[in-house]
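Coordinate-derived values only; no laboratory data. Keep in mind it's a predicted model, so treat the numbers as computed, not measured. Here the Cβ positions follow ideal geometry from the backbone for every residue, glycine too, while neighbour counts run over all protein chains shown.
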Amino acid sequence: MSSKSSAAANGQALWAKVPKANAELFALTYGALVMEVVSDSDGNVDEINEQLEKIGYSIGIRSVDEFLAKSNSPYCKNLEETANVLGKTAFKMFLGINCDVQIYNPPTSFSLILHDNPLSLFVELPDNYKDTLQYTILYCGVIRGALEMLNYKVECTLIKSTLRGDDVDEIKVDLKNILQDGAGEDYQEE
Amino acid sequence: MAANPVLLFLIVGKNEPLYEAEITKRGISGNTDTSVARQSYFVVHSSLDLVDRATWSSQNMYLKVVDKVNQQYVSTFLTAGNIKFLLLHSGKSEDTIKIFFQEVHELYVQLSMNPFYRYDTPITSKEFDKRVRNVARRLV
């Protein structure tokens, strides 16, 4: 069995086990959080994006341990396997969604393509934020935080978003370097 | 004056109108006589007192026709949050209007779930406008 389909099967099994939350409640909670950040930043879009990414980062460094403890995922030998575990198992376990994983060549970056985005339910960005606010940048922070705990230093960008009129959400992950020991210096400050 | 082909749909909040749409028959849109339009707005807004009176007369959100001026009727729907939907028409069947209001109500609920929309503020969403017009066009 390929790593891709076993990762997906594992994700399915984990999703069946974890406690569920109502999707609307989840979306509204995140919406309220975003609005809080928006009002705290006086509408400074860069600051909003940065804050949301940071929130995601904190979630990421916490949830990676939970994920590894529960998932029993096999040891990943290369970034492609990591990408599959992340996209097929982790996203399924935490969000219940299926996403496609696309590996680029050379294999130092990959894309996660989300056909269904639970965070952006009901959301319609007003014109003044449409092109600048990255509403679901939380994912980027989560991925960055989680992979950083595993010694991968990555950079995440949202390159497609349904809120801007694309037909899918796409998160691109670029591997910058592999850390030698422990977590990054960001983590020490936390 | 012939029966006015224009439907006028308004959403009114606590203090101010939140949304307005004039829906004309396809093909003759843009041909609205401004004095007629102005009169329509006048009729709808002046029915607001009657809406307040009708509010407690029924348990339903749909208050049916609350006002009638010449050949024009004002039907009303009241949401649970006390937002008023008013539709000016020239005698459509109650059921058609009820369906229209229900569909618009659904759109309104969807809109109010959007974190960027604050309760009782003017509705600027283009998407909402488009959807309401689509629903309304079936009525004309």
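Quick notes on this structure:
- Cβ-derived FRET efficiency at R0 22 Å, A:I97 paired with A:Y75, nearest 0.05: 0.30
- Local electrostatic count at A:S161 - Lys and Arg +1, Asp and Glu -1, tallied over other residues with Cβ under 9 Å: -1
- Counting beta carbons within 10 Å around each of B:H89, A:H115, B:H105 and listing the fewest first gives the order A:H115, B:H105, B:H89.
- Each of B:D49 and A:E155 was given a label point 7 Å from its Cα along the Cα-to-Cβ line. The distance between the two points is 6.7 nm.
- Peptide A:121-128 has a mean of 5 when you count, residue by residue, the C-beta atoms of other protein chains within 10 Å of its C-beta.
- Local charge for B:E127 was computed over the other residues whose Cβ lies under 12 Å away, with Lys and Arg +1 and Asp and Glu -1, and equals +2.
- Taking amide H as placed 1.01 Å from N in the peptide plane, the amide H of A:L150 sits under 5 Å from none that are at least 5 places away or on another chain.
- For the pair B:D129 and B:K14, label points projected 7 Å from Cα toward Cβ lie 2.6 nm apart.
- Acute angle (nearest 10 degrees) that the helix A:138-149 long axis makes with the longest principal axis of chain A, alpha-carbon atoms: 40 degrees
- For B:N70 and B:N82, the difference between the fully extended length at 0.36 nm per residue and the C-alpha to C-alpha distance is 1.5 nm.
- Fully extended contour minus Cα-Cα distance, from A:E47 to A:D167, at 0.36 nm per residue: 40.5 nm
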